[in-house]
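**Student:** Next up is a structure, given as structure tokens.
The values are calculated or read from the model by the stated rules, or taken from the named source; none is laboratory data. Only a predicted model underlies this, so the values are computations on that prediction, with no experimental measurement involved. As a convention, Cβ positions derive from the backbone with ideal geometry for all residues, glycine included, and neighbour counts pool all protein chains shown.
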Amino acid sequence: MNLPSTTGLAGGVLAAKERGRAAPQLTVALSYAILLGGMCTIAAAIYTILVSYSSLPWWDTWEYISAMAKGESPLSASWLWRQHNEHRMVIQKLFFAVDLKMFRARQVFLLASIVVIQVLHSGLWAWSMRVLGGWRGALWRSGVGLVAFCIFCPSPWLNYTMGFQVCYVLSPMFATLSFVGLLLYWKDSQRHPGEQGSSRFLWLPVSILAALCGTYSLANGNLLWPLLLAAAVLLKLRAAAVSYAITGAVNTFVYFYRYVRPAYHADPIASLGAPVAVIKYVAVYFGSSWVNGPIVAAEIIGVVGLGVGLMVLLRTPYYVRNSQPFALQLVLTIAFCAGTAIVTAAGRINFGVKEAWENRYQTFALPFWCSLGLPLLGYVYSLRTKPQRFVVAQICLLAVMVRGAMLAEHPIGEARAHGFGLNLASMALRTGVYSPMVLERIAERSDRLLVGVEYLRAHQLSLFSDWDAALLGSPLDNVLRVASPNECRGRLEFAPLEDSTAPGFFVSGWAWDDKHHQPAREVVATTDGIITGLAAVGYKPLNTGASDPAILNSYSGFAGYVRQSKPGAVLKVYAVLRDNPPSACYFDATDQQHRTAE
């Protein structure tokens, strides 16, 4: 029998050592790549806000504005406490009041607040990884990258187009803060009395206050009390358990005092009698994070995720015995997200399983998946004798991020289209030329919308506070500098509106700012030199008729409305250039000067 030589054995040992040294170096490089992926996700979220921004409120917000129009004070206790659907959103309404009173209801403050809240939430996770989990180096960077990717993922794009959604990002942040507060209290309770660094009496009030804030951000905040109480009992924290029990009981009584279940929602108690339907809804709720369809695929992925989550929950006693507070934070987060999905399913199952695809639900579905991925990262990192497994986990995580980046165009495109639709509706409401269909797309009830629009107009808020709010009815030469026609290009089409509230035209086409090599800022129409029409720019036209690649691939398409004037009046269309102050550039007049119908 041939035995390996001593030289061959020595070479194998050296090769193994080299691989051992190479693996940590690779994990460091991959961890920075994952962290960069998280930062790029934050940039993508901010980009989504910028390209889809509209000052026009949408859907639920009109209920608030119509209440203000009817004389409600945004700071009155009765209005702050009043139900909105199944929620008591006191904190979100305070954000709305600030936006209304200090920022002219333009949504800039609300959308900026959403970003700040998510940054704070990500920072809280990053801090808890170090303080509760002891994560450092490559593991910490990988974890932070994953958290940023999940919290800022553009999948719930409604959060980046609708200031009302501040409540959706407040709820998970306060939930995380309440869990971290409890676990820091537990960690400090294990110190000897008077030991340096103990601040246990600070963290319990922080946890309770955060739970209260979460309760009055979204209705799912009520789930925090039983979760925190159960955790305190399991951790044998008598004072904390009593505090959560008393505060939770009082809060629950106050919250549900004279509570009215929305008539169009399913009865949650009755829904529990159909467990299969509820499970399908919850499975799609989570599974839709990974696929756009079909529903069966989302259901399968969701069930697998719920199964893995259950396995993590069953390890809770192990985490307690071994004093692993960060693992318990993940357990509580999984339970909170799963509980949110179950409560949502019980109340909305009458809308059908497809309703679980609503992108706003990803605000809670993505932290659920994050809380499954983090313990896996921590586990494979703990296998010090097999560092290559952590490398594999990092590569898989990077692959998920790359896949997410490849698919990001879809939610960002939807957000962009939504924002353009709102801007187009703004033009319709300003000009007064619109069909009933326009109102149906931006508000649930047209009566609230019309009352709200008059309130905004009277107080010069929202769409009536934009830079172009005073253009209509003004001579073009008085409000905009007229630029050379050589500084822009474009095409347009006119179509009369038959069912509009006032006689007028629908105008569409594309407009390019040659001076700044960008789509035009806006488009205005004049009748005998007086501005009578406005159009929003922001969609990608199917056919520009231009050979310039920049124009072909741009969002230079516009659409808007023009008031009809006396027969025979000359109507011209101008691209508003991105000068400071803005200037107007007349399109090539070859086939674009029109006279209104005789």
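**Student:** Take the conditions among the acidic types (D, E), in the same structural domain as R578 (by TED's automatic domain parsing) and farther than 20 Å from Y586 by Cα and apply them to D447. Does it pass?
**Tutor:** No.
**Student:** Select from region 125-146 the residues that are in the same structural domain as P367 (by TED's automatic domain parsing) and closer than 23 Å to I49 by Cα and list them in ascending order.
**Tutor:** Selection gives nothing.
**Student:** Report every pair of residues separated by at least 6 positions or lying on different chains whose Cβ atoms are under 8 Å apart, first residue within region 384-395 and of a type outside the set (V, I, T), second assigned to a loop (DSSP other than H, G, I, E, B).
**Tutor:** R389/L383; F390/L383
**Student:** Does region 434-450 include one or more residues that are charged (D, E, K, R) and not in a helix (DSSP H, G or I)?
**Tutor:** yes
**Student:** For L306, are the conditions met, namely being over 12 Å from F286 (Cα atoms), in a helix (DSSP H, G or I) and at pLDDT 95 or above?
**Tutor:** On the way: over 12 Å from F286 (Cα atoms): no; in a helix (DSSP H, G or I): yes; at pLDDT 95 or above: yes.
Here the answer is no, as L306 does not meet what is asked.
**Student:** From the list L212, L218, L158, L237, which one is on the phi < 0 side of the Ramachandran plot, in contact with a strand residue (DSSP E or B) (Cβ under 8 Å, 6 or more places away or on another chain), hydrophobic (A, V, I, L, M, F, W, C) and surrounded by 19 or more Cβ atoms within 10 Å (Cβ to Cβ)? So that I can check it myself, show each step before the final result.
**Tutor:** Working: L212 fails: in contact with a strand residue (DSSP E or B) (Cβ under 8 Å, 6 or more places away or on another chain); L158 fails: in contact with a strand residue (DSSP E or B) (Cβ under 8 Å, 6 or more places away or on another chain); L237 fails: in contact with a strand residue (DSSP E or B) (Cβ under 8 Å, 6 or more places away or on another chain).
That would be L218, the only listed residue that is on the phi < 0 side of the Ramachandran plot, in contact with a strand residue (DSSP E or B) (Cβ under 8 Å, 6 or more places away or on another chain), hydrophobic (A, V, I, L, M, F, W, C) and surrounded by 19 or more Cβ atoms within 10 Å (Cβ to Cβ).
**Student:** Pull up region 448-465, narrow it to residues that are free of Cβ contacts under 8 Å to residues at least 40 places away in the same chain and over 23 Å from T526 (Cα atoms), then point me to the one that is farthest from the chain's Cα centre (by Cα). Full working, then the answer.
**Tutor:** Step one: of region 448-465, the residues free of Cβ contacts under 8 Å to residues at least 40 places away in the same chain are 450, 453, 457-459, 464.
Still in the list and also over 23 Å from T526 (Cα atoms): 450, 453, 458-459.
Values: L450: 27, V453: 25, A458: 31, H459: 29 Å.
That would be A458.
**Student:** Just to be sure I understand, how many residues within region 44-78 are touching a residue at least 12 places away in the same chain (Cβ under 8 Å), surrounded by fewer than 16 Cβ atoms within 10 Å (Cβ to Cβ) and over 24 Å from H410 (Cα atoms)?
**Tutor:** So the answer is 2.
**Student:** What are the residues in region 166-184 that are within 17 Å of the chain's Cα centre (by Cα) and of a type outside the set (G, A, S), if any?
**Tutor:** Of everything in region 166-184, those that are within 17 Å of the chain's Cα centre (by Cα) and of a type outside the set (G, A, S) turn out to be V166, C167, Y168, V169, L170, P172, M173, F174.
**Student:** Residue pairs, Cβ under 6 Å, 6 or more apart or interchain, first in region 254-270 and closer than 17 Å to G221 by Cα, second among the basic types (K, R) and at pLDDT below 90. List them.
**Tutor:** Partner pairs satisfying both residue conditions: none exist.
**Student:** I need a count of the residues in region 456-475 that are in a helix (DSSP H, G or I), surrounded by 19 or more Cβ atoms within 10 Å (Cβ to Cβ) and not polar (S, T, N, Q).
**Tutor:** In the first step, residues of region 456-475 are kept if they are in a helix (DSSP H, G or I); the result is 456-459, 462-465.
Next cut, surrounded by 19 or more Cβ atoms within 10 Å (Cβ to Cβ) only: 456, 462-464.
Checking the rest, the ones that are also not polar (S, T, N, Q) come to 456, 463-464.
Final tally of qualifying residues: 3.
**Student:** Taking T27 as meeting all but one of (1) of a type in the set (S, T, N, Q); (2) more than 21 Å from the chain's Cα centre (by Cα); (3) at pLDDT 95 or above; (4) not in a loop (DSSP other than H, G, I, E, B), write down the number of the exception.
**Tutor:** Going through (1) of a type in the set (S, T, N, Q); (2) more than 21 Å from the chain's Cα centre (by Cα); (3) at pLDDT 95 or above; (4) not in a loop (DSSP other than H, G, I, E, B) one by one, T27 breaks only (3).
**Student:** So V296 clears everything in (1) out of contact with any helix residue (DSSP H, G or I) (no Cβ under 9 Å at 6 or more places or on another chain); (2) surrounded by 11 or more Cβ atoms within 10 Å (Cβ to Cβ); (3) farther than 27 Å from R403 by Cα except one condition, right? Which one?
**Tutor:** Result: V296 fails condition (3) only.
**Student:** Going through region 303-323 one residue at a time, which ones are of a type outside the set (V, I, T), crowded, with 17+ Cβ neighbours inside 10 Å and in contact (Cβ under 8 Å) with a residue 24 or more places away in the chain?
**Tutor:** Residues satisfying the conditions are G305, L306, G309.
**Student:** I need the full set of residues from region 375-428 which are surrounded by fewer than 19 Cβ atoms within 10 Å (Cβ to Cβ), of a type in the set (D, E, K, R) and within 30 Å of L461 (Cβ to Cβ), in order please.
**Tutor:** Matches in region 375-428: E414 only.
**Student:** Please tell me if T41 is more than 24 Å from the chain's Cα centre (by Cα), crowded, with 19+ Cβ neighbours inside 10 Å and either at pLDDT below 95 or in a helix (DSSP H, G or I) (or both).
**Tutor:** In short, no.
**Student:** Right, something else. Can you tell which of L80, L111 is within 22 Å of L209 (Cα to Cα) and either part of a helix (DSSP H, G or I) or not assigned by TED's automatic domain parsing to the domain that holds T215 (or both)? Spell out how you get there, then give the answer.
**Tutor:** Numbers: L111 fails: within 22 Å of L209 (Cα to Cα).
Within the list L80, L111, the selection yields L80.
For (1) closer than 22 Å to S426 by Cα; (2) more than 36 Å from the chain's Cα centre (by Cα); (3) at pLDDT 95 or above, each residue gets a yes or a no:
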{"position": "V507", "(1), (2), (3)": "yes, no, no"}
{"position": "H516", "(1), (2), (3)": "no, no, no"}
{"position": "G529", "(1), (2), (3)": "no, yes, no"}
{"position": "D548", "(1), (2), (3)": "no, no, no"}
{"position": "Q564", "(1), (2), (3)": "yes, yes, no"}
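**Student:** Hey, any hits in region 56-76 for a residue that's among the aliphatic types (A, V, I, L, M), farther than 23 Å from Q460 by Cα and in a helix (DSSP H, G or I)?
**Tutor:** no
**Student:** May I pose another question? Please indicate, with yes or no, whether at least one residue in region 342-352 is over 24 Å from I117 (Cβ atoms) and assigned to a loop (DSSP other than H, G, I, E, B).
**Tutor:** Yes, the conditions are met somewhere in region 342-352.
**Student:** Take A502 and tell me if it is surrounded by fewer than 18 Cβ atoms within 10 Å (Cβ to Cβ), in a helix (DSSP H, G or I) and not polar (S, T, N, Q).
**Tutor:** It is false that A502 is surrounded by fewer than 18 Cβ atoms within 10 Å (Cβ to Cβ), in a helix (DSSP H, G or I) and not polar (S, T, N, Q).
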